[in-house]
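Engineer: One structure follows; several queries about it will come next.
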Amino acid sequence: MFVRWRQYLRTNPPWIAGTIATVLTMISLPTGIWNPLERAGYNLLFQLRPQQEWDDRIAVIGIDEKSLQEYGQFQSWSRDRYAQLLRSLDTAYPLAVGFDIIFADRSPDDEKFATQIDTLGTVVLGRTWTRLQNGQSTPLEPVPILAEVAANQGQIAHERDPDGISRWGTLWVNSADFAIPNLGIAIVEVENFLREAEGKPPIATLPPPDPEIEFQNRLINWVGKTESIPTYSFFDIAEGNFEIKDLQNKLVLVGFTATAADDPLRTPLNSNPPTSGVYIHAAIIDNLLGDRFLRRMPMWGEILLLIPIGVATGLLLARRTLQRRLAVVLAFPFGWFAFALGMLTWRTLWIPVATPIGTLFLAAMGIQLREQWEKQQLMRLFEKYVSPETASLIWQHKDEFFQEGELLAAELNATVLFMDIRGFTSISEKMTPQELFRWLNRYLDTMTACIMEHGGVVDKYIGDAIMAVFGVPFPHAESTDIQQDAANAIAASITMHQRLERLNEELQQNGSPLIRIGVGIHSGLLMAGSMGGMQRLNYSVVGDTVNIAARLESLNKQVEEERPYNILISRETFELVRDRFIGKPVMEIQLRGRQEMTKIFTILEAKSKE
């Protein structure tokens with residue numbers, strides 16, 4: 001009855017769906033298909049993480065709206081404004097001052113500005129590159145008079161990710177001749193040099209340049225919103241309107257902060273509206289001072305992480321109810337996100353969020369699709385032999401009797417029914433094969449429907465004979481259930497006779513042979529389970545109960561008295577249904593293996609329910 005499941009289940013163990021999901025995820029990693037989701041996860045992690053304090057040794061002097069209002073448009077500013085700023089800062093003794101501004105064009109006030117740069121002695125100037133139409137780039141450097149007196153120079157270029165968020169800081173740009181530090185590194189270098197001259201330890205350990213990497217990037221740890229970084233108006237500082245303690249012993253950055261600036265910076269905490277580009281250098285300095293740049297798990301580490309997640313998902317979700325499966329699928333993202341948040345907060349490690357969760361969902365979908373396919377195969381098979389309700393019940397309890405693709409053998413107390421057509425051999429000799437098949441299939445379809453309607457399972461078709469079992473595949477231990485199985489078998493037999501009358505009327509009109517049947521029914525213990533060889537398995541029942549039912553069916557030929565139904569049942573079956581059906585004994589025989597005579601009964605009618 002049931003095709004073999006061993007081969008499928010053994011070659012597709014529960015963890016296979018998770019493994020396939022993991023492989024698909026790993027294959028897709030180099031394509032970058034997960035990157036948009038990972039970037040979104042990155043943003044959310046920072047937004048959920050408790051904001052930390054920026055290093056208090058950092059300060060920003062912003063060219064803000066107030067400064068533009070007082071001094072006019074930025075393009076019209078003379079270098080004397082910057083000289084004035086440095087004269088004011090000289091009274092505050094900052095550690096170093098870095099300009100996030102490019103002074104690439106000559107100016108009448110360059111000498112004044114250079115004098116103040118030299119006087120302060122710790123000024124770092126910015127430089128960058130412009131990209132030409134042919135793909136080449138040309139450097140934008142401070143004019144020589146300023147470059148000669150500057151303590152250091154630092155590049156101010158930075159790249160944005162496709163979603164506009166600045167996650168990476170370019171610490172070094174390496175060329176064939178030399179390495180150019182980021183403005184933040186250049187500022188810290190100045191202070192480290194001064195401290196070294198005084199015999200003091202460096203303020204921060206700087207990452208060395210790697211000549212093998214042109215753009216040496218690090219993940220920025222945005223510890224908080226940029227609004228919490230102390231920021232002062234350029235105008236106020238230049239005019240001396242500040243407290244010396246605000247800038248004393250500070251690493252100072254000078255750059256645009258006006259909202260109309262053309263250098264917007266988007267961070268996971270400052271994206272709408274964006275902040276100003278000068279703050280990326282403040283963040284780099286902060287990460288240098290606190291040694292808290294983010295680390296990202298390498299691709300090989302991500303792969304090693306995905307393998308146990310995929311396999312565990314397959315094992316965890318397989319053979320679970322839909323409710324439990326949904327609970328796991330919904331709980332895992334929250335749990336994993338909490339874990340990723342903890343790693344970001346306390347270990348400054350950015351672990352993937354989208355790929356583990358995506359692997360889980362892919363595995364869950366694979367398991368669901370695989371199980372749906374299994375169910376369709378199983379239901380398609382079972383529904384041919386049992387009622388849809390019974391097939392659904394079998395699927396719900398499949399784990400109770402399926403193991404390694406086989407239906408487990410079990411001893412059951414059931415009722416077996418055998419039936420066949422009287423005189424089938426002589427009938428078949430008078431019909432062509434095509435006519436015989438149509439005639440026989442119509443009969444078998446009608447009889448099978450009667451069996452299934454009464455909860456029976458068609459075990460097999462043997463030519464014109466049908467073997468059916470009532471009480472499988474679930475063991476029935478209660479006497480009421482065993483009695484009901486026997487009653488269902490007899491009720492199905494009566495329905496067969498009634499349906500056969502209508503079928504014979506149609507056959508007679510078509511000129512086809514009429515059909516008479518004989519039915520044998522016996523109740524008792526039997527063994528049920530998978531039977532067959534390595535290539536094919538059937539679910540069937542064996543035992544003396546089956547043999548007796550077959551013997552009773554054949555005895556119908558020996559009963560000559562008139563009966564309403566050609567049904568013979570054993571005494572054991574009659575004892576189970578005597579309160580529901582009226583029967584009478586028709587013969588006594590000695591069955592093989594039994595010493596005493598066995599009474600055989602026939603069924604006359606069902607008892608009234610009154």
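The values are calculated or read from the model by the stated rules, or taken from the named source; none is laboratory data. Note that the structure is a prediction, hence the values are computed from the model and not measured. Don't worry about glycine lacking a Cβ; one is built from the backbone with ideal geometry, like all the others, and counts go over all protein chains shown.
Engineer: Name the residue, out of LYS557, LYS584, that is at pLDDT below 95, assigned by TED's automatic domain parsing to the domain that holds ASP481, assigned to a helix (DSSP H, G or I) and out of contact with any Asp or Glu (no Cβ under 9 Å at 6 or more places or on another chain).
Structural biologist: Details: LYS584 fails: assigned to a helix (DSSP H, G or I).
Within the list LYS557, LYS584, the selection yields LYS557.
Engineer: Is there a residue being more than 53 Å from the chain's Cα centre (by Cα), surrounded by fewer than 18 Cβ atoms within 10 Å (Cβ to Cβ) and either aliphatic (A, V, I, L, M) or under 24 Å from PHE193 (Cα atoms) (or both) anywhere in region 99-111?
Structural biologist: yes
Engineer: Related question: Is there a residue in region 211-220 that is touching a strand residue (DSSP E or B) at 6+ places or on another chain (Cβ under 6 Å), surrounded by 20 or more Cβ atoms within 10 Å (Cβ to Cβ) and within 20 Å of ALA92 (Cα to Cα)?
Structural biologist: no
Engineer: Does LEU568 satisfy the condition of being in contact (Cβ under 8 Å) with a residue 60 or more places away in the chain and either over 24 Å from GLU453 (Cα atoms) or among the hydrophobic types (A, V, I, L, M, F, W, C) (or both)?
Structural biologist: no
Engineer: Follow-up. When you scan region 229-252, how many residues do you find that are over 16 Å from ASN270 (Cβ atoms) and either crowded, with 21+ Cβ neighbours inside 10 Å or touching a Ser or Thr at 6+ places or on another chain (Cβ under 9 Å) (or both)?
Structural biologist: Number of matching residues: 15.
Engineer: Additional query: Name the pairs: first residue in region 77-92 and touching a residue at least 24 places away in the same chain (Cβ under 8 Å), second residue assigned to a loop (DSSP other than H, G, I, E, B) and not aliphatic (A, V, I, L, M), Cβ to Cβ under 7 Å, at least 6 apart or on different chains?
Structural biologist: Taking only residues 6 or more apart or on different chains, the pairs are SER78/SER107; SER78/ASP109; ARG79/SER107; ARG79/ASP109; ASP80/ASP109; ALA83/ASP109; SER88/GLY240; ALA92/GLN248.
Engineer: Of the residues ILE427, ILE466, which is assigned to a helix (DSSP H, G or I) and either touching a strand residue (DSSP E or B) at 6+ places or on another chain (Cβ under 8 Å) or at pLDDT 90 or above (or both)?
Structural biologist: ILE427
Engineer: Continuing with this model, one more query. For the condition more than 43 Å from the chain's Cα centre (by Cα) and within 22 Å of PHE601 (Cα to Cα), what is the one hit in SER523, SER512?
Structural biologist: Sole residue among the options that is more than 43 Å from the chain's Cα centre (by Cα) and within 22 Å of PHE601 (Cα to Cα): SER523.
Engineer: Could you grab me the full set of residues in region 91-110 that are touching a helix residue (DSSP H, G or I) at 6+ places or on another chain (Cβ under 7 Å) and either farther than 23 Å from TYR279 by Cα or at pLDDT 95 or above (or both)?
Structural biologist: THR91, PRO94, LEU95, ALA96, VAL97, GLY98, ASP100, PHE103, SER107, ASP109, ASP110
Engineer: Something else now. Only residues that are part of a helix (DSSP H, G or I), surrounded by fewer than 16 Cβ atoms within 10 Å (Cβ to Cβ) and touching a helix residue (DSSP H, G or I) at 6+ places or on another chain (Cβ under 9 Å): list them for region 273-302, please. I'd like the intermediate steps shown before the answer.
Structural biologist: Narrowing region 273-302 to residues part of a helix (DSSP H, G or I): 278-290, 299-302.
Keeping just the survivors that are surrounded by fewer than 16 Cβ atoms within 10 Å (Cβ to Cβ) gives 299-301.
Answer for region 273-302, where residues must be part of a helix (DSSP H, G or I), surrounded by fewer than 16 Cβ atoms within 10 Å (Cβ to Cβ) and touching a helix residue (DSSP H, G or I) at 6+ places or on another chain (Cβ under 9 Å): just MET299.
Engineer: For ALA17, are the conditions met, namely being surrounded by 17 or more Cβ atoms within 10 Å (Cβ to Cβ), of a type outside the set (Val, Ile, Thr) and either at pLDDT below 90 or outside the structural domain of ARG347 (by TED's automatic domain parsing) (or both)? Spell out how you get there, then give the answer.
Structural biologist: On the way: surrounded by 17 or more Cβ atoms within 10 Å (Cβ to Cβ): yes; of a type outside the set (Val, Ile, Thr): yes; either at pLDDT below 90 or outside the structural domain of ARG347 (by TED's automatic domain parsing) (or both): yes.
Yes; evaluated as a whole, the condition is true for this residue.
Engineer: Which one of LEU9, LEU68, LEU29, LEU24 is part of a helix (DSSP H, G or I), modelled with pLDDT under 90 and farther than 30 Å from PHE337 by Cα?
Structural biologist: Exactly one residue qualifies, and that residue is LEU9.
Engineer: Restricting the search to region 263-272, which residues are of a type in the set (A, V, I, L, M) and in a loop (DSSP other than H, G, I, E, B)?
Structural biologist: Result: LEU269, single match.
Engineer: So how many residues does region 430-463 have that are assigned to a loop (DSSP other than H, G, I, E, B) and more than 30 Å from GLY529 (Cβ to Cβ)?
Structural biologist: Counting residues in region 430-463 that are assigned to a loop (DSSP other than H, G, I, E, B) and more than 30 Å from GLY529 (Cβ to Cβ) gives 3.
Engineer: Residues that are free of Cβ contacts under 8 Å to residues at least 60 places away in the same chain and within 30 Å of TRP222 (Cβ to Cβ): list the strands (runs of 3 or more DSSP E) wholly contained in region 94-186 that include at least 3 such residues.
Structural biologist: Strands (runs of 3 or more DSSP E) meeting the threshold: 123-131, 137-140, 152-155, 168-174, 179-181.
Engineer: Among the listed residues ALA59, ALA114, which satisfies the condition of being touching a helix residue (DSSP H, G or I) at 6+ places or on another chain (Cβ under 7 Å) and under 23 Å from LEU171 (Cβ atoms)?
Structural biologist: Residue meeting the stated conditions: ALA59.
Engineer: If you check LEU326, LEU305, which single one turns out to be free of Cβ contacts under 8 Å to residues at least 12 places away in the same chain, aliphatic (A, V, I, L, M) and in a helix (DSSP H, G or I)?
Structural biologist: Values: LEU305 fails: free of Cβ contacts under 8 Å to residues at least 12 places away in the same chain.
That would be LEU326, the only listed residue that is free of Cβ contacts under 8 Å to residues at least 12 places away in the same chain, aliphatic (A, V, I, L, M) and in a helix (DSSP H, G or I).
Engineer: Okay, next question. Among the strands (runs of 3 or more DSSP E) contained in region 211-262, which hold 1 or more residues that are under 39 Å from the mean Cα position of the chain (by Cα)?
Structural biologist: In region 211-262, 215-219 are the strands (runs of 3 or more DSSP E) which contain 1 or more residues that are under 39 Å from the mean Cα position of the chain (by Cα).
Engineer: Whether any residue in region 221-241 is in the same structural domain as THR138 (by TED's automatic domain parsing), closer than 22 Å to LEU349 by Cα and among the β-branched types (Val, Ile, Thr) is what I want to check. Before the answer, list the steps.
Structural biologist: Of all residues in region 221-241, those in the same structural domain as THR138 (by TED's automatic domain parsing) come to 221-241.
From what's left, closer than 22 Å to LEU349 by Cα: 221-226.
With among the β-branched types (Val, Ile, Thr) added as a condition, the list becomes 223, 226.
For region 221-241, residues in the same structural domain as THR138 (by TED's automatic domain parsing), closer than 22 Å to LEU349 by Cα and among the β-branched types (Val, Ile, Thr): present.
Engineer: Still on this structure: Out of (1) of a type outside the set (A, V, I, L, M); (2) assigned to a loop (DSSP other than H, G, I, E, B); (3) out of contact with any Gly (no Cβ under 8 Å at 6 or more places or on another chain), the odd one out for ASN192 is which?
Structural biologist: Here ASN192 clears every test but (2).
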